[in-house]
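**Student:** First the structure, which I've put down as structure tokens, then a few questions once you've had a look.
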Amino acid sequence: MATIAQRNPVLLALQWASLDVLSGGRTWLAACMGYPASQHPTAAKELDVMGIASKERPGRLEEMIQALRVLWSDEHASFRGKYYSFDDVNLLPKPIQQPCPIYIAGTPRASGIGERGVERSLRRIARYADGWMTNQIELRLLQDYLKRLREMLVEEGRDPDKFKTVLYYGISVNPDQEQAFREAKAFLDSYYLKDFSREGVEIWNACGPVEHCVRSLQNFIDAGVDHITVRPIGQNLDEQFRIYLEEVLPALGSEGL
């Protein structure tokens, strides 16, 4: 996943195309616009250092996706936008995948940007992306957004059956559910430099016994998620990863994960 606003399109296109070649055409670029400056001091610092206004992030995301597609496909790539411009660039190597998949990552909420903001965010995904990556989302809201995205994809003249949805989801496995929660919270607080509430942890992490974690993941699969990026979390990551491979994954089956 890449925060788009702070990057140069030609450099990012070269780096990602090289990765796609090295991986044998197995990449998905999940493009996000990052936190607004008002929500996180680190995000504010990053934007300030790069000389980028927080309000520019949506426009930069849209232009970056368009620029990347041109650079990855054309031998004489040119682009003229408000934020990014280049002329006659033959970027090599080109990605193996044509087109190279670009997903938009984000979970818009009316409580933060209003219902019109949610509508614009979903429309952006339907118009520009090959798929949607989400996290920190309730099943009910996921189902609502998937329905709205399918309708918008049809309006944009695109095939909704070719559009993919990815969930980024953590698991902290422990027979003691409260201990699983405490370990997950400690990990996330340290990683993101935040003080997560219980709701903030549990909305995007399954904490508890194997059966609980499997059920939580299966619920999202049943709701229509195509793929899940599972992130083991906790004090002992090696042990969490072992449990995931030996107990959680076999209970689910590997399809879709």
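The values are calculated or read from the model by the stated rules, or taken from the named source; none is laboratory data. All figures in this text were calculated on a predicted structure; none of them were measured in a lab. Here the Cβ is made from the backbone with ideal geometry for all residues, glycine too, and neighbour counts use every protein chain on show.
**Student:** Which of (1) closer than 25 Å to Thr3 by Cα; (2) more than 21 Å from the chain's Cα centre (by Cα); (3) in a helix (DSSP H, G or I) does Leu153 not meet, given it meets every other one?
**Tutor:** (2)
**Student:** Would it be correct to say that Asp195 is assigned to a loop (DSSP other than H, G, I, E, B), of a type in the set (Asp, Glu) and either in contact with a Pro (Cβ under 8 Å, 6 or more places away or on another chain) or farther than 28 Å from Thr27 by Cα (or both)?
**Tutor:** Yes.
**Student:** Contact list please: Cβ distance under 7 Å, first residue in the range 22-38 and surrounded by 13 or more Cβ atoms within 10 Å (Cβ to Cβ) and among the aromatic types (Phe, Trp, Tyr), second residue assigned to a loop (DSSP other than H, G, I, E, B) and modelled with pLDDT of 95 or more, pairs at least six apart or on different chains.
**Tutor:** Trp28/Pro101
**Student:** Given Val210, Val201, which one is touching a residue at least 24 places away in the same chain (Cβ under 8 Å), in contact with a strand residue (DSSP E or B) (Cβ under 8 Å, 6 or more places away or on another chain) and β-branched (Val, Ile, Thr)?
**Tutor:** Among Val210, Val201, only Val210 is touching a residue at least 24 places away in the same chain (Cβ under 8 Å), in contact with a strand residue (DSSP E or B) (Cβ under 8 Å, 6 or more places away or on another chain) and β-branched (Val, Ile, Thr).
**Student:** If you don't mind, another one. Against the condition loosely packed, with under 13 Cβ neighbours inside 10 Å, closer than 24 Å to Tyr168 by Cβ and either at pLDDT 90 or above or in contact with a strand residue (DSSP E or B) (Cβ under 6 Å, 6 or more places away or on another chain) (or both), how does Gly106 come out, does it pass?
**Tutor:** Judged against the criteria, Gly106 is not a match.
**Student:** What number of residues within the range 205-236 are over 22 Å from the mean Cα position of the chain (by Cα) and of a type in the set (A, V, I, L, M, F, W, C)?
**Tutor:** So the count comes out to 1.
**Student:** Could you please tell me which pairs satisfy a Cβ distance under 6 Å, a separation of 6+ or placement on different chains, a first residue in the range 78-89 that is outside the structural domain of Leu68 (by TED's automatic domain parsing), and a second residue that is not in a strand (DSSP E or B)?
**Tutor:** Note: no pairs meet the criteria.
**Student:** Sticking with this structure for a sec: If you check Glu119, Glu62, which single one turns out to be among the charged types (D, E, K, R), in a helix (DSSP H, G or I) and either surrounded by fewer than 17 Cβ atoms within 10 Å (Cβ to Cβ) or in contact with a strand residue (DSSP E or B) (Cβ under 6 Å, 6 or more places away or on another chain) (or both)?
**Tutor:** Glu119
**Student:** Tally the residues that are in contact with a helix residue (DSSP H, G or I) (Cβ under 6 Å, 6 or more places away or on another chain), farther than 17 Å from Gly224 by Cα and of a type in the set (Gly, Ala, Ser), restricting the search to the range 99-144.
**Tutor:** Matching residues across the range 99-144 total 1.
**Student:** Let me ask something else about it. When you look at Cys213, is it in a helix (DSSP H, G or I), not assigned by TED's automatic domain parsing to the domain that holds Tyr103 and not aliphatic (A, V, I, L, M), yes or no?
**Tutor:** yes
**Student:** Of everything in the range 123-137, what is in a helix (DSSP H, G or I), crowded, with 20+ Cβ neighbours inside 10 Å and not β-branched (Val, Ile, Thr)? Give them in sequence order.
**Tutor:** Within the range 123-137, Ala126 is the sole residue that qualifies.
**Student:** Looking at Glu202, Glu138, which is the one that is acidic (Asp, Glu) and under 17 Å from the mean Cα position of the chain (by Cα)?
**Tutor:** Unique residue meeting the criteria: Glu138.
**Student:** Further, regarding this structure: For the range 220-251, what are the residues that are touching a Leu at 6+ places or on another chain (Cβ under 6 Å) and assigned to a helix (DSSP H, G or I)?
**Tutor:** Of everything in the range 220-251, those that are touching a Leu at 6+ places or on another chain (Cβ under 6 Å) and assigned to a helix (DSSP H, G or I) turn out to be Phe220, Ala223.
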